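Report on the following structure.
The values are calculated or read from the model by the stated rules, or taken from the named source; none is laboratory data. As the structure is a computational prediction, the values presented were derived from the model and not from experiment. Please note: Cβ atoms are built from the backbone with ideal geometry, for glycine as well, and neighbour counts cover all protein chains shown. With ligands, DNA and RNA removed, areas are computed over all heavy atoms of the protein, side chains included. Shrake-Rupley method; radii C 1.70, N 1.55, O 1.52, S 1.80 Å.
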Amino acid sequence: MADVLRVGIIGCGNISTTYLSLAPLFAGYRITAVADINMDSARTQAAAFDVQAMAVDDLLDAPDVDLVINLTIPAAHFDVSKAILQAGKHVYSEKPFVLTVAQAQDLTNLAHAKSLRIGSAPDTFLGASHQLGRTLIDTGAIGQVTSGTAVVMSAGMEDWHPNPDFFFQKGGGPVLDLGPYYICNLVQMLGSVSQVTSMTGMAQMTRKIGTGPRAGEAVAVETPTTIHAVMKFESGAIITLLSSWDVLSNTHPIIELYGTDGTMTLPDPNFFGGEVTVASGRDAPEVMAWDHPFDVSDPTSSQANYRGAGLADMAQAIASKRPHRCNETFATHVIDVMTAILEAGETGEVVTLSTRCDRPAPLGPDDALALMAG
Ligand SMILES: NC(=O)c1ccc[n+]([C@@H]2O[C@H](COP(=O)([O-])OP(=O)(O)OC[C@H]3O[C@@H](n4cnc5c(N)ncnc54)[C@H](O)[C@@H]3O)[C@@H](O)[C@H]2O)c1
């Protein structure tokens, strides 16, 4: 294997531009080839980013590709990741990692049998703000976290995505689509979840595409679009998750954690940066800050974006033979939490989880700097 991991992409849709344009920020890997079932999409991205366009099977067979990023739609994640592992390559998948715990375990067994690594987004929890939140919790800034709220509510995805079908099919919905950001971040701060329950609903049976060549076309809704869940963590913390694509506007804090000695708020875990506040005791909240490389880099934007950091960490971990942070045990537990929330919505019961994970190692400023190019 080369010193720098040689990486291919399968799935040249919307998010592939982010991976291709941010890759030069990172040391440890280089994107060399792209593939898609739609060869035109692969050719377009290859031309824009000066990489090779390949048919999917050719990319899987390519001897000079060590790892493949799976940027296909959620329903294809399992089959595509399995094919990547069967081809003898490491895989890093976009979220959601897969759609069931059984699929996650199948991939894990295959990877372990072949001595290959699996990684999964989201990696936004490695961002400056969320790592600051982790450090503040670990150093007791708000004492023992006993409860909290996480809120991901909007009017939906059909306004901005030209092909929003997958958001409303099985494998979509706000918990599986956006839940990974919130649940990964809560698990990296608070540890494993032990039990969940929820109630779910659907405000509309069809959604109208708002942009692109299919604008005006109706998409059928086949999965709940409002899910209110309660999660009990092994630590004893009880966190309520309000998730919906049926809400026109709201004023809730995105994540608010209540501890025995104070209260902390955290920004949107879909991004790497944003404001963290701590209120000690009953004092007014204060904005917390630290100097961390994965913070806002673009002065015209409030949203830091270092997507690919998880892959850079995985590349470094492969080279130095240490565990990677966005690993399969963590990703599997997050899938377990999300699918258990959906199951609880269907059955009306409290679901006890079958998996757990250790928290990924924290990523301090020096660790983050070591993942960056130059
Ligand atoms: N769009 C975003 O902003 C965003 C952000 C973060 C994560 N993600 C995640 O990334 C993944 C992709 O999202 P997207 O918005 O780019 O979707 P998209 O629909 O724009 O692109 C998906 C691409 O995958 C290709 N594809 C589908 N099945 C395939 C298969 N079996 N083999 C090869 N290619 C296949 C499609 O032809 C398409 O080009 C999803 O899991 C999504 O949750 C998207």
Quick test for you: out of Gly236, Gly216, Gly191, Gly171, pick the one residue that is on the phi > 0 side of the Ramachandran plot, outside the structural domain of Thr100 (by TED's automatic domain parsing) and at pLDDT below 95. Gly171
Starting from the stretch 102-118, keep only residues that are closer than 17 Å to His324 by Cβ, then list their pairs with residues that are among the small types (Gly, Ala, Ser) whose Cβ atoms are within a distance under 6 Å, requiring at least 6 positions of separation or different chains. Leu107/Ser81; Ile118/Ala111
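Which one of Thr32, Thr72, Thr100 is within 16 Å of the ligand (Cβ to nearest atom), of a type in the set (S, T, N, Q) and buried (at least 16 other Cβ atoms within 10 Å of the Cβ)? Quick ask: steps written out before the conclusion?
Values: Thr32 fails: within 16 Å of the ligand (Cβ to nearest atom); Thr100 fails: buried (at least 16 other Cβ atoms within 10 Å of the Cβ).
From the options Thr32, Thr72, Thr100, the qualifying one is Thr72.
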Out of the residues in the stretch 35-54 that are β-branched (Val, Ile, Thr) and within 12 Å of the ligand (Cβ to nearest atom), which is most open to solvent (accessible area, probe 1.4 Å)? Ile37
Of all residues being crowded, with 24+ Cβ neighbours inside 10 Å and under 22 Å from Met39 (Cβ atoms) in the stretch 75-92, which is nearest to the ligand (Cβ to nearest atom)? Just the residue, please. His77
Report yes if His161 is of a type outside the set (S, T, N, Q), in the same structural domain as Val247 (by TED's automatic domain parsing) and either open to solvent by 20 Å² or more (accessible area, probe 1.4 Å) or within 18 Å of Thr72 (Cβ to Cβ) (or both), otherwise no. yes
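Please work out which residue is farthest from the chain's Cα centre (by Cα), limiting yourself to the stretch 42-89 and to residues that are assigned to a helix (DSSP H, G or I) and basic (Lys, Arg). Steps first, please.
Going residue by residue through the stretch 42-89, those that are assigned to a helix (DSSP H, G or I) are 42-49, 56-61, 74-86.
Imposing the further condition that a residue be basic (Lys, Arg) reduces the set to 43, 82.
Numbers: Arg43: 27, Lys82: 19 Å.
Top of the filtered list is Arg43.
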Among (1) of a type in the set (S, T, N, Q); (2) in the same structural domain as Ile254 (by TED's automatic domain parsing); (3) open to solvent by 10 Å² or more (accessible area, probe 1.4 Å), where does Asn109 come up short? (2)
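Among the residues of the stretch 94-128, what is the count of those that are assigned to a helix (DSSP H, G or I) and more than 16 Å from Val187 (Cα to Cα)?
In the first step, residues of the stretch 94-128 are kept if they are assigned to a helix (DSSP H, G or I); the result is 101-113, 124-126, 128.
Checking which are more than 16 Å from Val187 (Cα to Cα) leaves us with 101-113, 128.
Selection size over the stretch 94-128: 14.
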Can you run down the residue pairs with Cβ atoms below 8 Å, 6 or more apart or on separate chains, where the first is in the stretch 44-59 and under 21 Å from Ala87 (Cα atoms) and the partner is part of a loop (DSSP other than H, G, I, E, B) and of a type outside the set (Lys, Arg)? Met54/Ala62; Val56/Asp36; Val56/Ile37; Leu59/Val65
With the condition kept exactly as written, say whether any residue in the stretch 14-24 is hydroxyl-bearing (Ser, Thr, Tyr), open to solvent by 30 Å² or more (accessible area, probe 1.4 Å) and more than 16 Å from the ligand (Cβ to nearest atom). no
Among the numbered criteria (1) farther than 20 Å from Ala368 by Cα; (2) within 16 Å of the ligand (Cβ to nearest atom), which one does Ala121 miss? (1)
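Is it true that Arg307 is in contact (Cβ under 8 Å) with a residue 12 or more places away in the chain, among the basic types (Lys, Arg), outside any helix (DSSP H, G or I) and open to solvent by 60 Å² or more (accessible area, probe 1.4 Å)?
Values: in contact (Cβ under 8 Å) with a residue 12 or more places away in the chain: yes; among the basic types (Lys, Arg): yes; outside any helix (DSSP H, G or I): yes; open to solvent by 60 Å² or more (accessible area, probe 1.4 Å): no.
No, not satisfied.
Taking the condition of being away from the ligand (no atom under 16 Å from the Cβ) and buried (at least 17 other Cβ atoms within 10 Å of the Cβ), how many residues in the stretch 1-13 meet it? Talk me through it step by step, then tell me what you get.
Of the stretch 1-13, the ones away from the ligand (no atom under 16 Å from the Cβ) are 1-6.
Still in the list and also buried (at least 17 other Cβ atoms within 10 Å of the Cβ): 5-6.
Matching residues across the stretch 1-13 total 2.
Quick one: which of Thr329, Thr355, Thr263 is out of contact with any helix residue (DSSP H, G or I) (no Cβ under 6 Å at 6 or more places or on another chain), closer than 30 Å to Val101 by Cβ and at pLDDT 95 or above?
Thr329
In this structure, does Thr100 turn out to be in contact with a Ser or Thr (Cβ under 7 Å, 6 or more places away or on another chain), over 21 Å from Asn270 (Cβ atoms) and outside the structural domain of Thr251 (by TED's automatic domain parsing)? Show your work before the answer.
Numbers: in contact with a Ser or Thr (Cβ under 7 Å, 6 or more places away or on another chain): yes; over 21 Å from Asn270 (Cβ atoms): yes; outside the structural domain of Thr251 (by TED's automatic domain parsing): yes.
Against the criterion (in contact with a Ser or Thr (Cβ under 7 Å, 6 or more places away or on another chain), over 21 Å from Asn270 (Cβ atoms) and outside the structural domain of Thr251 (by TED's automatic domain parsing)), Thr100 qualifies.
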What pairs can you find where one residue is in the stretch 256-271 and without any contact (Cβ under 8 Å) to a residue 40 or more places away in the chain, the other is among the charged types (D, E, K, R), and their Cβ atoms are less than 8 Å apart, with a gap of 6+ or different chains? Thr265/Glu256; Thr265/Glu275
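Conditions tested, residue by residue: (1) touching a residue at least 24 places away in the same chain (Cβ under 8 Å); (2) part of a helix (DSSP H, G or I); (3) surrounded by 15 or more Cβ atoms within 10 Å (Cβ to Cβ).
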residue: Thr332; (1), (2), (3): yes, yes, yes
residue: Ile335; (1), (2), (3): yes, yes, yes
residue: Thr339; (1), (2), (3): yes, yes, yes
residue: Glu346; (1), (2), (3): yes, yes, no
residue: Glu349; (1), (2), (3): yes, no, no
residue: Ser354; (1), (2), (3): yes, no, no
residue: Cys357; (1), (2), (3): yes, no, yes
residue: Asp366; (1), (2), (3): no, yes, no
